[in-house]
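Each remark here refers to the structure printed beneath this line.
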Amino acid sequence: MTDIQVEVFTAPGCGKCGRAREVLKDIADAWTEADIRWREVNILDELDYAVELGVLATPAIAIDGRLVFTALPSEKKLRQALQDRLEEKQA
């Protein structure tokens, strides 16, 4: 089983961030092809890390330390990005 780290970057008062958490948690819980570990990153607490990845707005999503989405993607696009990453790791 392949391990994928997904991080959702949030900020206090971000209205869309709650939705991002819900979508990500639902996908991670339902995923069967890999172990998806996810964590919420408050950009105020980890500003240097967020800047290092290029996060300019929230919510943003990184997969395995690489910024993939700078806004909340559709569930389909997020699933596809996770599938693509899984295939890269298995290659």
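Laboratory data are not the source of any read-out in this text; all were calculated from the coordinates shown. Remember, it's a predicted structure, so these values are computed and weren't measured experimentally. Methodologically, a virtual Cβ is constructed for each residue, glycine included, from the backbone with ideal geometry; neighbour enumeration extends over all protein chains shown.
For segment 64-81, does any single residue satisfy the condition of being surrounded by 12 or more Cβ atoms within 10 Å (Cβ to Cβ), more than 17 Å from Asp3 (Cα to Cα), under 11 Å from the mean Cα position of the chain (by Cα) and of a type in the set (S, T, N, Q)? Yes: segment 64-81 contains one or more residues that are surrounded by 12 or more Cβ atoms within 10 Å (Cβ to Cβ), more than 17 Å from Asp3 (Cα to Cα), under 11 Å from the mean Cα position of the chain (by Cα) and of a type in the set (S, T, N, Q).
The one condition from (1) more than 27 Å from Ala91 (Cβ to Cβ); (2) in contact (Cβ under 8 Å) with a residue 40 or more places away in the chain that Ile61 does not meet is (1).
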